[in-house]
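Asks: Would you mind keeping the following structure in view while I ask a few things?
Throughout, read-outs are computed from the coordinates displayed, never taken from laboratory work. Because the structure is a prediction, the values reported are computed rather than measured. Don't worry about glycine lacking a Cβ; one is built from the backbone with ideal geometry, like all the others, and counts go over all protein chains shown.
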């Protein structure tokens, strides 16, 4: 019995389909449209902050929050002063990326704004990323705001006991892990003494 053979013209579409990946003919799937309530996207398409070091940490915060969501929620609630339920709703109901939540809430804290204001600004328009969003907020960004955010990220990583690589500027400002730990202990002791003095 002879195998059924297709005419050459009929074999052409099959041949093209097999060669498409090699020839670059395959069309990449288009990214789904994103709205303000859902900022999840592929890691490579995150709208940037304008600071490469911050952007790398935000991607890593996504990974950390997937594994330790409660620790992430507690961190933002306690140290950015945002109600935990609000942070949880952004993460679990509105499906925001954890890194974007972190940026919104800690940037708001640095600017003395509410996290909700920054979230609303992102939801209205984030085509030009966080770099564009912060330019449209009521308080104009400056180096001190970025510095505060970078320091907050390092402090969070230290509390999470998560490794972090500091650039030369942060290394000079904050020192190594042991130095940061000693400063944190000293600050906690000062705060505790102040609290006790107020209670007297």
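Asks: Go ahead and run the numbers for FRET between residue 193 and residue 74, Cβ-Cβ distance against an R0 of 25 Å, rounding to 0.05.
Replies: Once the sixth-power term is evaluated, E becomes 0.50.
Asks: Sticking with this structure for a sec: Rank by packing, highest mean first: peptides 176-188, 136-148, 77-89, 110-122, with packing defined as the count of other Cβ atoms within 10 Å averaged across residues.
Replies: Working: 176-188: 11.5, 136-148: 13.0, 77-89: 15.8, 110-122: 18.1.
Ranking the peptides 176-188, 136-148, 77-89, 110-122 by packing returns 110-122, 77-89, 136-148, 176-188.
Asks: Let me ask you something else. Using r as the Cβ-Cβ distance of residue 131 and residue 177, and R0 as 35 Å, what FRET efficiency do you calculate, to the nearest 0.05? Before the final figure, lay out the partial values.
Replies: Working: r = 30 Å, r/R0 = 0.85.
E(calc), rounded to 0.05, equals 0.75.
Asks: Please give the FRET efficiency for residue 185 paired with residue 63, using the beta carbon to beta carbon distance and R0 = 30 Å, rounded to the nearest 0.05.
Replies: 0.60
Asks: Which length gain, in nm to one decimal place, applies between residue 200 and residue 92 when the Cα-Cα distance is subtracted from 0.36 nm times their residue separation?
Replies: 34.6 nm
Asks: Once the Cα atoms of segment 47-144 are picked out, what are the Rg and Dmax in Å?
Replies: 12.5, 35
Asks: Can you give me the relative contact order of segment 78-200 as a percent, contacts being Cα pairs under 8 Å and 6 or more apart?
Replies: Dividing the mean separation by the residue count of segment 78-200 yields 14 percent.
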